[in-house]
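Here's the structure, in structure tokens; my notes come after.
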Amino acid sequence: MLKIENLKASVEGQEILRGLSLEVKAGEVHAIMGPNGSGKSTLAQVLAGREDYEIDAGSVTYDGEDLLELAPEERAQKGVFLAFQYPVEIPGVSNTYFLKAALNSIRKARGEQELDAMEFLKLVREKVKVVDLDESLMKRPVNDGFSGGEKKRNEIFHMAVLEPRLAILDETDSGLDIDALKTVAAGVNSLRTDGRAFLVITHYQRLLEYIVPDVVHVMVDGRIVQSGGKELALELESKGYGWLESKAGAA
Amino acid sequence: MSVPVDTQISDSPALGPLLEEMQTLGEQGSTGPLLSLRQHAGEAFRRLGFPTTRLEEWRFTDVSRVANTRFLPDPRPPELAAERLAPFLYAGCRNVVLLNGRVVSELSDLDISDAPGLTVRSLAEALEEPAVAERIGSLLPPDQHPFVALNTALFRDGVYLEVEAGARLEEPLHLVFLGETPDGQATVSYPRNLFVLGERSECTVIETYASLDDGESLTCPVTEVLAGASSVCKHFKVQKESLAANHLASFQVRLDRATNFSSHAITHGGALVRNDVGALLDGEGAVCTLNGLYVVAGEQQVDNHMRVEHKKPHTYSHELFKGILDGNAKTVFNGRIYVHREAQKTDAKQSNRNLLLSDQAIAHSNPQLEIFADDVRCTHGSTTGHLEEEAVFYLRSRGIDEAAATSLLTYAFASEFVDLVEVEALRRDLQNFLFSRLTGGDIVRQAV
Ligand SMILES: Nc1ncnc2c1ncn2[C@@H]1O[C@H](COP(=O)(O)OP(=O)(O)O)[C@@H](O)[C@H]1O
Ligand SMILES: [Mg+2]
């Protein structure tokens, strides 16, 4: 479904992704772990279409199509979703209405019937339970005055409504207490299907106890330096990133 | 206040018709104290002249285009077909309709015997009563501001509103000032309004300024509001004249003890618009809110010059002005707050925020605080900038295209003001304007 080859990206002349390769098949969950500043969020934002980053080399193919050629909204319309590490507050735009506008522009782009207010409300009622989101947050402006945990849950809620094919979760677990973490994980697990893939970026192994990955990658300094099964996450937890960082240096 | 003499009047093409008009009005219309006020105003204007950008108060407002145009008053009697008025009306209001500054009686709800304690009249008629005539110019003397002088010398009509002590005006009073340029002649009007609000009275007044065609025009209105103790007045002004209109308006309110006055000014029409707005907080516990939204593009210029004067202790003022600028538009927000020595415990807040949608648009923002009391709280803030790229990206990453994302965020910027517009029909009209102005307006309409 997603194939990244030798991707190099920079911002303001500073190289951040330095030849990254990765392949994710439909139905799989891949975890990306790595120290702060290794370029995890940059990868996530580049995949979602952030224009701040210069693509210097490499390719990204999504369902056989050149993903890098598409505008951010086109990627979303084709099923790419990014749960932001730092969800943006948008005062003045109601969470419900924003999500309805988003869902309907995606449906419209796909040639599907747009949902009317009643149908949308029904969908929201259903999905809001999945992430245990306080319904009052639906009426408030997007992320405005939400707590850290509420923002993360709201991202998962958006994901549940938009039903992407490729979901990228950028440290959705950071700053969550264990109950919130379980809820987020349950939200993700409920969406796991054969046709859907997840790229779960995390700093800690903890989340992976609840969202069990098929593959774990370790990212250091803009590259994947090691890939393995879920036991790699445990190994990292006990040994730290040090041994892989030296490996990256040697490469 | 002394005004430096800096005149360009002698060679102004606008002058000839003005002087003639003063002459005519002097001969036929006014008598008694009003006549001398008008003469005084005429002299003041001759002395002051059209302001130039060399004057500090007019540094950013270049009125030379106005001074160089030969504007004439509309010679026709004020008549208008009802269907031409219809698009400007709001449901649930009492209306007074003016064409080029004169009341169109047939279209105005002047017979309001069903509303006790309320008087709504053509100002020209009301002036026959000395008590009314005496109050003209009581807040805005004719010798300090060139366009107040011009209005005072030349106004023909306007609206007189009186709400007796304890009376309440149920429906909003909608004053519809329509401009028309007969045979394409550049046309000037000087509407003059006086609101006398008794103690504990309540009213809502909307002033709409709009054009019936897109000929060149100058509207030069003056509104004075005497708000009695504990009265509550909600004032709205909508400026949606054509892009060939010039609008130079002066407004002054005097608040008495515990008066609660609020004003919301919406400006999106006009080539050159300037609002000089003054509030005198002249009684303890007076509360004054002055909010505004301007939405401009192309070559438009909109200036808001605010002057809030705290004269008594425990007075409160709050100003929120938001601007959305596109194209080569230019705006000025000048916010003066003057706190007298006696006005302890003053609480004054002022905020001006501008959103730039183009790189060419310019928003000037000048807070000016003059504080002579020591125990006061005055805060002011001003920001001017583009939309946050990160927010646009967030929306786009959820499937909303760039134009719609930009429009949504622009609407969101305005919504803080929009939500404050209590009169529902007016709020909807403003929303519809914003939707029509924003690309991808349908998405925005859905999303808010
Ligand atoms: N927009 C940007 N402008 C400047 N530097 C950036 C930008 N985005 C990321 N960086 C830099 O790139 C490096 C990787 O950042 P990031 O991708 O956020 O790492 P991670 O998510 O792994 O912590 C950091 O050194 C960071 O400062
Ligand atoms: Mg990160």
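The values are calculated or read from the model by the stated rules, or taken from the named source; none is laboratory data. Here the structure is a predicted model, which means the values were calculated and not measured. Virtual Cβ from ideal backbone geometry, glycine too; neighbours counted across all protein chains shown. Quick note on the areas: whole protein, heavy atoms, side chains included, nothing else; ligands and nucleic acids left out. Shrake-Rupley method; radii C 1.70, N 1.55, O 1.52, S 1.80 Å.
Take every DSSP beta bridge whose two residues both sit in chain A; close to 55 percent of them are antiparallel. B:Q360 label point, 7 Å along Cα→Cβ, cut-off 17 Å on backbone N: hits in region B:285-319? Residues passing the 17 Å test: B:296-302. Solvent-accessible area of B:E370, all protein chains in place: 60 Å² (probe radius 1.4 Å, heavy atoms, ligands and nucleic acids excluded). Taking only Cα atoms and a 10 Å spring cutoff, compute GNM fluctuations for chain A and point out the largest among A:L123, A:L176, A:L67. In the Gaussian network model the winner is A:L123. Out of B:S113, B:S105, B:S407, any idea which swings most in a Gaussian network model of chain B, alpha carbons joined below 10 Å? For chain B, modelled as a Gaussian network with Cα springs under 10 Å, the answer is B:S113. Extending 7 Å from the Cα toward the beta-carbon at both A:R125 and B:S113 defines two label points whose distance is 5.5 nm.
For region B:388-448, how big is Rg over Rh, using alpha carbon atoms and the Kirkwood form of Rh? Here Rg/Rh amounts to 1.01.
For the pair B:E370 and B:R336, the difference between a 0.36 nm per residue extended length and the Cα-Cα distance amounts to 11.5 nm. When chain A is treated as a GNM with alpha-carbon contacts under 10 Å, the residue of A:E69, A:E119, A:E155 showing the greatest mean-square fluctuation is A:E119. Ellipsoid semi-axes for region A:1-124, based on the Cα gyration tensor and the rule √(5λ), read 30, 17, 14 Å when sorted largest first. Measuring nothing but how far apart in sequence close Cα pairs (under 8 Å, 6+ apart) lie, relative to its length, chain B scores a relative contact order of 9 percent. Computed over region A:2-250, the alpha-carbon pair-distance distribution with 10 angstrom bins reads 7, 31, 36, 21, 5, 0, each value a whole percent.
Take the Cβ atoms of A:L191 and B:S436, set R0 to 35 Å, and the FRET efficiency comes out at 0.35. Accessible area per residue for the protein assembly as shown is 40 Å², calculated with a 1.4 Å probe on protein heavy atoms, without ligands, DNA or RNA. Summary of the geometry: region B:395-411 and region A:48-80, compared by the centres of their Cα atoms, lie 18 Å apart.
Rounded to the nearest 500, the 222 nm mean residue ellipticity of chain A from helices alone is -11500 deg cm²/dmol, with -39,500 (n - 2.57) taken per DSSP H run of at least 4 residues.
For region B:288-356, run through the GluC sites (Glu not before Pro) and keep only the ones in DSSP coil with at most 13 other Cβ atoms within 10 Å of their Cβ. Display every interim value, and only then the final one.
Details: sites: B:E299, B:E309, B:E319, B:E342; in loops: B:E299, B:E342.
Filter output for region B:288-356: B:E299, B:E342.
Here the Karplus relation 6.51 cos²θ - 1.76 cosθ + 1.60, evaluated at θ = phi - 60°, turns the backbone of region A:64-80 into coupling constants of x, 10, 6, 5, 5, 7, 8, 5, x, 5, 5, 4, 4, 5, 8, x, 8 Hz, with x for every Gly and Pro. Pairs exceeding a 21 Å alpha-carbon distance, out of B:K322/B:K349; A:K25/A:K239; A:K40/A:K129; A:K127/A:K152; B:K240/B:K349; A:K100/A:K151: A:K25/A:K239; A:K40/A:K129; B:K240/B:K349.
Relative contact order of region B:29-155, please, whole-number percent, based on alpha carbon pairs below 8 angstrom and at least 6 residues apart.
Relative contact order here is 38 percent.
How high is the FRET efficiency between B:R377 and B:A403 when r is their beta carbon distance and R₀ equals 51 Å, given to the nearest 0.05? Approximately 0.75, to the nearest 0.05. The accessible-area loss of region B:384-430 on complex formation, taken against its chain alone with a 1.4 Å probe, reaches 40 Å² or more at B:E389, B:E390, B:F393, B:Y394, B:R396, B:S397, B:R398, B:G399, B:I400, B:A412. In terms of Cα atoms, the Rg and Dmax of region B:306-371 work out to 14.7, 45 Å.
For the interface of chains B and A, what total accessible area is buried with a 1.4 Å probe, rounded to the nearest 100 Å²?
In total, this chain pair buries about 2300 Å².
If R₀ is 56 angstrom, what is the calculated FRET efficiency for the pair B:A82 and B:E284, using the beta carbon separation as r and rounding to 0.05? E between B:A82 and B:E284, to the nearest 0.05, is 0.75. The calculated 222 nm mean residue ellipticity attributable to helices in chain B amounts to -6500 deg cm²/dmol, summing -39500 (n - 2.57) over DSSP H runs of n ≥ 4 and dividing by all residues. Considering only beta bridges that DSSP places wholly inside the protein assembly as shown, some 15 percent are antiparallel. For A:E235 and A:S147, the difference between the fully extended length at 0.36 nm per residue and the C-alpha to C-alpha distance is 28.4 nm. In chain B, the convex hull through the Cα atoms has an average projected area of 21.1 nm², a quarter of its surface area. More than 41 Å apart: what percent of Cα pairs in the protein assembly as shown qualify? So the portion of pairs separated by more than 41 Å is 42 percent.
Label sites at B:D183 and B:D213, each approximated as a point 7 angstrom past Cα along Cα to Cβ, lie 1.1 nm apart. Taking label points 7 Å from Cα along the Cα-to-Cβ direction, A:T61 and B:L420 give a separation of 5.7 nm. Taking every C-alpha pair closer than 8 Å and separated by at least 6 residues, the mean separation divided by the residue count of region B:296-424 gives a relative contact order of 23 percent.
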